[in-house]
Amino acid sequence: MSTGFSSSSSRFADYFVICGLDTESGLEPDELSGENFEQSPLRRTFKSKVLAHYPDNVEWNPFDQDAVGMLCMPKGLSFRTQTDIREPQFHSFIITREDGSRTYGFALTFFEEVTSKQICSAMQTLYHMHNAEQYDILHTPPTPRSPEDTRSTPQQLHAAPCLSRLQRFNSYDISRDTLYVSKCICLITPMAFAQACRRVLEQLHQAVTSPQPPPLPLESYVYNVLYEVPLPPAGRSLKFLGVYGPVVCQRPSTAELPLFDFPLQEVFELLGVENVLQLFTCALLEIQILLYSQHYQRLMTVAESITALMFPFQWQHVYVPILPASLLHFLDAPVPYLMGLHSNGQDDRTKLELPQEANLCFVDIDNHFIELPEDLPQFPNKLEFIQEISEVLLAFGVSSEANPQCSEGLGKLRGFRSGDMASDKRNGNLAGSPLNSYLLRENQTIARLQALVKRTGVSMDTVSFAPDLIEYDSKVQCDEEEMKMHQLNIRVREVFANRFTQMFSDYEVFVIQSSQDKESWFSNRDQMQNFDKASFLSDQPEPYLPFLSRFLETQMFASFIDSKILCHDDEDKEHTLRVFDSRVDKIRMLNVRTPTLRTSMYQKCTNIDEAEKAIEMRLCKIDHTALHPHLLDMKIGQGRYEPGFFPRLQSDVLSSGPTSNKWAKRSAPAQWRRKDRQKQHAEHLYLDNDQREKYIQEARNLGTTLRQPKLSNLSPSVIAQTNWKFVEGLLKECRNKTKRMLVEKMGREAVELGHGEVSITGVEENTLIASLCDLLERIWSHGLQVKQGKSALWSHLLHYQESKEKRDATPAGLGPPGNRRKSDAGCAMPPLKVSLIQDMRHIQNISEIKTDVGKARAWVRLSMEKKLLSRHLKHLLSEHELTKKLYKRYAFLRCDDEKEQFLYHLLSFNAVDYFCFTNVFTTIMIPYHVVIIPSKKLGGSMFTANPWVCVSGELAETGVLQVPKNTLEITFECQNLGKLTTVQMGHDNSGLYAKWLVECVMVRNGITGHTYKFPCGRWLGKGVDDGSLERILVGELVTSMENEDRMCRTPPTQQSPGMMRRFVTISPNKLNTGQIQEGVGEAINGIVKHFHKPEKERGSLTLLLCGEYGLVWALEQVFQHGFKSPRLFKNVFIWDFLEKAQVYFESAEQSQVTQDENWQMRVRHFCHFMRAINSTPRNIGKDGKFQMLVCLGARDHLLHHWIALLAECPITAQMYEDMALLKDHSLVNSLIRVLQTLQEFNITLEASLVKGIGI
């Protein structure tokens, strides 16, 4: 939220407001606040009114009566009697205006006696009615079921005493009881000086309740704070007088962290360090956050603390720390939000009906626990970070664990045994203070922490909680408590800020500066990338990636970078950015670390003392003192009032300020009111007078137009308009997400085709898909009639499944017949039926997925991988009756045009291949179907041997599977193999006719429907082709668009991956030396590129070695070139030539031909590998052996040595023509140089390629 305040305001406070009971209009029940009438009248809420506000209006901050009234008393009026507790309660609130700027409110609510007779008798009447109703309920006899039931039961006899007890407890009798009603006084201010405002209000309240009247009329003090107390200038402190004592406030300078005046200590005491850090992580990832407490001030303190700790980032979405009861429908908002919900203290969390919980962080502040969404990544260096924060807290005597003593929730917790607490996962940290308590020993995180602390040399057992560890300077002008608060706040905030300074110390390098002017940059903002995410992530330590890859996708990060791009010079920068950049520069000078250094070394914060000194200096030596309150020009008799009642003040004296402002003149030398310094007021609220803010806001307005609900006019039309904004926002977000994902994915595929540079990593793809799942959950949660389960999408799918299964009593419920997808598997492998229900069943059968949210996400991933997401959702939404039953009229899913556009955007995912299911669920069982397709031409029907296959993928392989020779197909289930890479196939050479010409093997994944084709086009059999009984085939994914008739042709003329090229020497060579060199270059280039990709991104190395135009093929061309033709009809294979060379080398070694050491080494290696391959028990044929030799040579970096050896070998002279490539020295040398580039890579071969070889 680009917080800002109107810089025309240089006054400490803009308004003083009084809210309470309007005796004229009497008691009006507050229906909007959602209280039920079963409650006794004293517990009900009634409408409160703004009774008075001074002045009437100020131009820079128009008075918003509805918002102020609602937020001063969010639950309306409360009544009490003399028996109830009536302590004054302080709370603060925030009003966010349309432009994102904020105003703060500080309210003190107290109880006053009701003097109006009408109100008292109205309350008495309500009680009579209420008691009569209760009596009826208690005395309605149950309908008798049988004669025995008519006897009076003991319970009924007890009813009467019950009732009288019930009346005495929280009842009201006009003759006996005194009635009190709540009233509220409030200051509306441009900046959040919470402690100062609290003092002012408490002293004003004290003035009317103390027996002695105050020194001056109340008007003098209110006038003083409204008109005579200025805002302190940046970097200065200010002192002014309240009714009974001085009030001090101080404001950080432009080089310090922004103003923050709420007690962080309270947040850590309520939630504990670990929970605070988890909540902080949720906020950074823009997950919906709902705070829950019966204290308004706690809601505000936690919300403001979490957003302040985010420096330099700012929360960009709906921000309502106190959600008035009348706005509960806002929890339906399908956008990220940070809201605070008031609990009445009686209701249990389970009774709370929340529209969506799939991606919700629920924080029960009073009971110290937090519910987190699934798959929340860990904040980088979490343990060391917790350790550093805990050390700061310990120095102030604050436990790093949630401390039940600081809340009224203690009673509930006393019943817990510590064993229950330790096993209760929600209470990540519920212990009391001693760090060596039983609970801590049970908590793994803390155990790890203790180990870490021991290494740093601190013993945790000996740390005593001494609150006096931090010394207090007696010269300080504010009280000790407040000073401690400032010290602890700044220390903790510096530790948090330091994390970001370290993590993003070289962020500037990756900012993509725009070459356009502001206008055109602004109009193309949606299409443009402003940060090189892939390069930035590739520099980060591996453990940071899950968090960072998601964080870089957030609105707050994008806005931060946008403001960086829009501010070219330092003067231009908004305050947060300037402070952050100066810190980053400092770190760079200290570390001078290279931008590419991947280190996860934890570096502690070093500038705490400096920041703390600045605050102490301001509080020891006050820079400005405001005018003291003084008598105003009031008529005689004005300014008197009855003790114990806060009066309406004299509006004539409070309506306008002094004509000549004395303090304006007095502080003129400080030059802080000059126009050119006006920006300074905004320093701490990130405001800039430039239009930049507008650009950033509009550029970033992707469905986040609603920062805060309008707190006024809650007519149905306003609610409808709000919902309409949500619908438009969701559609826009969907459009942007799909576009972003496609550009990234296409970008990558384009790279693989050789266009442009790679710009996505596996982590990032996962992040994008997770955020898509998140968006779908928000869309499905919008406008739900009744919420069931945590995932709205899965709940809808289950309803659909139920209704379908009732309708189709057909087995397996596989949708209408003929609903098959075309596939080039053709006649050999009929395609899987398209069935939404079947895909749901697959997910339901996966035992590893336990939750509804997890099932919904897995279903989305599966549908994306199958390219059916849009189609499935269209089917789901075509059940109009079901949609009507589940959703309100305004829901996104019932806005037809938007829904159509949404499905259309999702359809665009079909343009790219995702493996987001296969790659994530690596341990699940998957059915596979294998079909072997023999050549039609040469009677495969006579084949007598028994075939077998072994399927390998990126994750695992199956082992040998026997295939029935009559059907040549097999279905089996095994653990996910990943993307399939190779199939080994062969036969046992049994029977009369054991020769077999195989066209290809097809394998299909039974869940994702992916079909792979493994072309062969070769014989398997002794005495035919190269005599091989088994072959290794390399496969590729079949796209469903290919022609239906592909399968029914003879072996393809253009040989495809995994096929060893046959060189029948009769045919002349097709390729010349230039083409062969180019082929080798491309094959090597493919391998080099493969290793330059991030590990998660690499495709199949087997394909690059043995596939079409791979390394094996390229080297075959080299050896094939200029090979002499022997007799007609006799095939000669490269392996024959290599064997002859081997024989020559072995005899040369024995005959002690003098050669250098190097030559002998190479010869030994070559012969060793040849012998090992020839002695393998596998029948892989001559071409199979050549393939194995090339793969092993590449793995062990020996290929270039062997080429050099063979080029010099006399056998080459005998078997090659003079023009052969192997006889041309310069060509051989360039070939050797190219092969040498493989030396820097660590090539790991798939097991199937080197089976049976023990090298």
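Here residue 1200 meets the list (1) touching a residue at least 12 places away in the same chain (Cβ under 8 Å); (2) open to solvent by 40 Å² or more (accessible area, probe 1.4 Å) almost entirely, failing just condition (2). The set of residues from region 531-581 being open to solvent by less than 10 Å² (accessible area, probe 1.4 Å) and of a type in the set (D, E, K, R) comprises 562, 581. Output yes when any residue across region 1236-1243 is touching a residue at least 60 places away in the same chain (Cβ under 8 Å), closer than 30 Å to residue 977 by Cβ, open to solvent by less than 10 Å² (accessible area, probe 1.4 Å) and not acidic (Asp, Glu), and no when none is. Within region 1236-1243 (the criterion being touching a residue at least 60 places away in the same chain (Cβ under 8 Å), closer than 30 Å to residue 977 by Cβ, open to solvent by less than 10 Å² (accessible area, probe 1.4 Å) and not acidic (Asp, Glu)), the answer is yes, since at least one residue qualifies.
Considering each of 1098, 1178, 1195, 1162 in turn, give the residue that is in contact with a His (Cβ under 6 Å, 6 or more places away or on another chain) and in contact (Cβ under 8 Å) with a residue 12 or more places away in the chain.
After applying the criteria, what remains is 1162.
Just one residue in the set 1226, 1230 is over 16 Å from residue 1124 (Cβ atoms) and open to solvent by 50 Å² or more (accessible area, probe 1.4 Å); that residue is 1226.
Looking at region 855-955, the helices (runs of 4 or more DSSP H) lying wholly inside it that each contain 3 or more residues that are open to solvent by 10 Å² or more (accessible area, probe 1.4 Å) and within 23 Å of residue 332 (Cα to Cα) sit at 880-886, 896-907.
Among the listed residues 1080, 1143, 1118, which satisfies the condition of being farther than 30 Å from residue 537 by Cα, at pLDDT 85 or above, among the β-branched types (Val, Ile, Thr) and open to solvent by 20 Å² or more (accessible area, probe 1.4 Å)? That would be 1143, the only listed residue that is farther than 30 Å from residue 537 by Cα, at pLDDT 85 or above, among the β-branched types (Val, Ile, Thr) and open to solvent by 20 Å² or more (accessible area, probe 1.4 Å). Filtering region 495-530 to residues that are at pLDDT 70 or above, surrounded by fewer than 18 Cβ atoms within 10 Å (Cβ to Cβ), of a type in the set (A, V, I, L, M, F, W, C) and not in a helix (DSSP H, G or I) leaves 511, 512. Considering only region 864-919, how many residues are of a type in the set (A, V, I, L, M) and on the phi > 0 side of the Ramachandran plot? Number of matching residues: 0. Tell me yes or no: at least one residue of region 976-997 is touching a His at 6+ places or on another chain (Cβ under 8 Å), over 26 Å from residue 861 (Cβ atoms) and crowded, with 23+ Cβ neighbours inside 10 Å. Checking region 976-997: at least one residue is touching a His at 6+ places or on another chain (Cβ under 8 Å), over 26 Å from residue 861 (Cβ atoms) and crowded, with 23+ Cβ neighbours inside 10 Å. Only residues that are in a helix (DSSP H, G or I) and either buried (at least 21 other Cβ atoms within 10 Å of the Cβ) or at pLDDT 80 or above (or both) were counted in region 776-829, giving 22. In summary, residue 1216 fulfils each of the numbered conditions (1) free of Cβ contacts under 8 Å to residues at least 24 places away in the same chain; (2) among the hydroxyl-bearing types (Ser, Thr, Tyr); (3) closer than 27 Å to residue 1124 by Cβ with the single exception of condition (1). Within region 260-303, the only residue that satisfies the criterion of being open to solvent by 10 Å² or more (accessible area, probe 1.4 Å), closer than 16 Å to residue 491 by Cβ and among the hydrophobic types (A, V, I, L, M, F, W, C) is 260. The numbered conditions (1) at pLDDT 85 or above; (2) assigned to a loop (DSSP other than H, G, I, E, B); (3) farther than 21 Å from residue 1106 by Cα; (4) not acidic (Asp, Glu) are all true for residue 977 except (3). Taken as a whole, the structure places residue 308 among residues that are assigned to a helix (DSSP H, G or I) and open to solvent by 10 Å² or more (accessible area, probe 1.4 Å). When region 97-118 is filtered for residues that are assigned to a strand (DSSP E or B), open to solvent by less than 20 Å² (accessible area, probe 1.4 Å) and not basic (Lys, Arg), the ones remaining, listed by number, are 103, 104, 105, 106, 107, 108, 110, 112. Just one of the listed residues (1234, 1228, 1190) is assigned to a helix (DSSP H, G or I), within 23 Å of residue 984 (Cα to Cα) and β-branched (Val, Ile, Thr), and it is 1190.
Working only within region 39-76, note down all residues that are within 40 Å of the chain's Cα centre (by Cα), assigned to a helix (DSSP H, G or I) and surrounded by 19 or more Cβ atoms within 10 Å (Cβ to Cβ).
If the condition is that a residue be within 40 Å of the chain's Cα centre (by Cα), assigned to a helix (DSSP H, G or I) and surrounded by 19 or more Cβ atoms within 10 Å (Cβ to Cβ), then 67, 68, 69, 70, 71, 72 are the ones that fit.
Against the criterion of being more than 51 Å from the chain's Cα centre (by Cα) and under 30 Å from residue 984 (Cα atoms), residue 1243 does not qualify.
The values are calculated or read from the model by the stated rules, or taken from the named source; none is laboratory data. Computed from a predicted model, the values in this text were never measured in an experiment. Methodologically, a virtual Cβ is constructed for each residue, glycine included, from the backbone with ideal geometry; neighbour enumeration extends over all protein chains shown. Accessible surface is based on the protein model in full, side chains and every heavy atom, while ligands, DNA and RNA are left aside. Shrake-Rupley method; radii C 1.70, N 1.55, O 1.52, S 1.80 Å.
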